[in-house]
Amino acid sequence: QVQLVESGGGLVQAGGSLRLFCAASGSIFNFYVMGWYRQAPGKQRDLVATITSGGSTNYADSVKGRFTIYRESAKNTVYLQMNSLTPEDIAVYYCNYRHGPLQFWGQGTQVTVSS
């Protein structure tokens, strides 16, 4: 079992920045993929960015150049630095941990951008 605790969401003006945090604990495997997904009201949950245990990253086209995912392996923590936020980024952001068929989700953190 893996527990994910997220923080860092909130309200920001358009053009501003936020940084999300996700701390993983429990049965952490050596090889994994962690990432962030988001779900806007009435929409499906979509990929934002992922990072592997080896440090490889992947981003949704809509956030490339604005968002950066990075990690502190020693702390089992993944961060999402979000810059140049727009109202289109409004959503609940969920942390995700995957190891093979195993998958765990955080509780979600709300990001709101005022125009």
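State whether the residues of segment 54-65 include one that is modelled with pLDDT under 95 and within 16 Å of the chain's Cα centre (by Cα).
Checking segment 54-65: at least one residue is modelled with pLDDT under 95 and within 16 Å of the chain's Cα centre (by Cα).
Please find, within segment 73-91, the residue that is modelled with the lowest pLDDT out of those that are open to solvent by less than 70 Å² (accessible area, probe 1.4 Å) and over 21 Å from Val12 (Cβ atoms).
Among those residues, the one meeting the criterion is Ser73.
What residue, among those in segment 55-70 that are of a type outside the set (S, T, N, Q) and open to solvent by 70 Å² or more (accessible area, probe 1.4 Å), is farthest from Gly35 (Cα to Cα)?
The selected residue is Gly65.
Out of all the residues in segment 1-16, which are part of a strand (DSSP E or B) and not aliphatic (A, V, I, L, M)?
Correct list: Gln3, Glu6, Ser7, Gly10, Gln13.
Consider only pairs whose beta carbons are under 9 Å apart and that are at least six residues apart or on different chains; among these, list those whose first residue lies in segment 67-79 and is under 17 Å from Phe29 (Cβ atoms) and whose second residue is open to solvent by 50 Å² or more (accessible area, probe 1.4 Å) and of a type in the set (S, T, N, Q).
Matching pairs, first to second residue: Asn76/Ser25.
Mind listing whichever residues of segment 38-51 are open to solvent by less than 40 Å² (accessible area, probe 1.4 Å) and over 11 Å from Phe67 (Cβ atoms)?
Ala40, Thr50, Ile51
Name the residues in segment 30-79 that are within 20 Å of His99 (Cβ to Cβ) and among the β-branched types (Val, Ile, Thr), would you?
Val33, Val48, Thr50, Ile51, Thr52, Thr57, Ile69, Thr77, Val78
Can you tell me which residue within segment 85-106, out of those that are among the hydroxyl-bearing types (Ser, Thr, Tyr) and under 16 Å from Arg66 (Cα atoms), is nearest to the chain's Cα centre (by Cα)?
Selected residue: Tyr93.
Within segment 5-48, work out how many residues are among the small types (Gly, Ala, Ser) and in contact with a Leu (Cβ under 6 Å, 6 or more places away or on another chain).
3
What residue, among those in segment 92-111 that are open to solvent by 50 Å² or more (accessible area, probe 1.4 Å) and part of a strand (DSSP E or B), is nearest to Arg19 (Cα to Cα)?
Gln110
Just to check your reading of the model, which residue among Gly35, Gly16, Gly26 is closer than 14 Å to Gly108 by Cβ, in contact (Cβ under 8 Å) with a residue 24 or more places away in the chain and not β-branched (Val, Ile, Thr)?
Unique residue meeting the criteria: Gly35.
The values are calculated or read from the model by the stated rules, or taken from the named source; none is laboratory data. No experiment lies behind these values; they were computed from the predicted model shown. Virtual Cβ from ideal backbone geometry, glycine too; neighbours counted across all protein chains shown. Surface accessibility is based on the protein's heavy atoms, side chains included, excluding ligands, DNA and RNA. Shrake-Rupley method; radii C 1.70, N 1.55, O 1.52, S 1.80 Å.
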